[in-house]
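The values are calculated or read from the model by the stated rules, or taken from the named source; none is laboratory data. Everything quoted here is computed from the prediction, not taken from an experiment. Backbone-built Cβ (ideal geometry, glycine too); neighbour counts: all protein chains shown. Side chains are part of the model used for accessible areas, which takes the heavy atoms of the whole protein and leaves out ligands, DNA and RNA. Shrake-Rupley method; radii C 1.70, N 1.55, O 1.52, S 1.80 Å.
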Amino acid sequence: MIVDATNMIAGRLGAYIAKQLLLGEKIEIVNSEKAVISGNKYDIFETYAHKTERGTHTKGPFAPKQPHLILKRIIRGMLPHSQQKGRNAFRNLICHIGVPKALEGQQAEKLEKFNKSTLRQARTVTLKQVSEYMGIKVQ
């Protein structure tokens, strides 16, 4: 199953993907950097900056800065990743920045019920903007 994350709300998309992974699906997510998080832009930036800055660089805790890894971490939080079934399900997930050459000709699903247009005038931030705030250059 190939899912296009463009303009999708990351949390709602993550919950759906986690459920499908637990049912045994193999899922690849393309355009992960275009997924959105709703809320105040500066609050979101500060939350993610705090996650990456706490601890030490050698002992952790470690938090991802790249947009595809942020989305993967959101989905991991919705799985029972400390149990064997959660680890097995998480192995079936692949997130990509953009569309890789191997998947260019294939049709990606657009899940309209998780689109940001379902929110009324909500303020949103893309995962690409969050990563750029933390100093990562996303192409």
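Return the residue satisfying two criteria in turn: it lies in segment 15-50 and is open to solvent by 80 Å² or more (accessible area, probe 1.4 Å) and not aliphatic (A, V, I, L, M), and of such residues it is nearest to Ala5 (Cα to Cα). Here the residue is Lys34. Going through (1) open to solvent by 70 Å² or more (accessible area, probe 1.4 Å); (2) modelled with pLDDT of 85 or more; (3) closer than 28 Å to Lys137 by Cα; (4) of a type in the set (Gly, Ala, Ser) one by one, Ser82 falls short only on (3). If you go through segment 85-116 and pick out every residue that is open to solvent by 30 Å² or more (accessible area, probe 1.4 Å), in contact (Cβ under 8 Å) with a residue 40 or more places away in the chain and either outside any helix (DSSP H, G or I) or under 12 Å from Thr6 (Cβ atoms) (or both), you end up with 11.
Among the residues of segment 117-126, those identified as assigned to a loop (DSSP other than H, G, I, E, B) and either surrounded by 11 or more Cβ atoms within 10 Å (Cβ to Cβ) or at pLDDT 90 or above (or both) are Leu119, Ala122, Arg123. Of everything in segment 42-69, what is of a type in the set (Asp, Glu) and touching a Gly at 6+ places or on another chain (Cβ under 9 Å)? Give them in sequence order. Result: no residue meets the conditions. Here is the figure for segment 61-79: residues that are under 10 Å from the mean Cα position of the chain (by Cα) and either open to solvent by 40 Å² or more (accessible area, probe 1.4 Å) or over 15 Å from Ala35 (Cβ atoms) (or both) total 6.
In segment 9-27, the residues that are among the hydroxyl-bearing types (Ser, Thr, Tyr) reach residues that are surrounded by fewer than 17 Cβ atoms within 10 Å (Cβ to Cβ) with C-beta atoms within less than 8 angstrom, at least six apart or across chains, in these pairs: Tyr16/Leu111.
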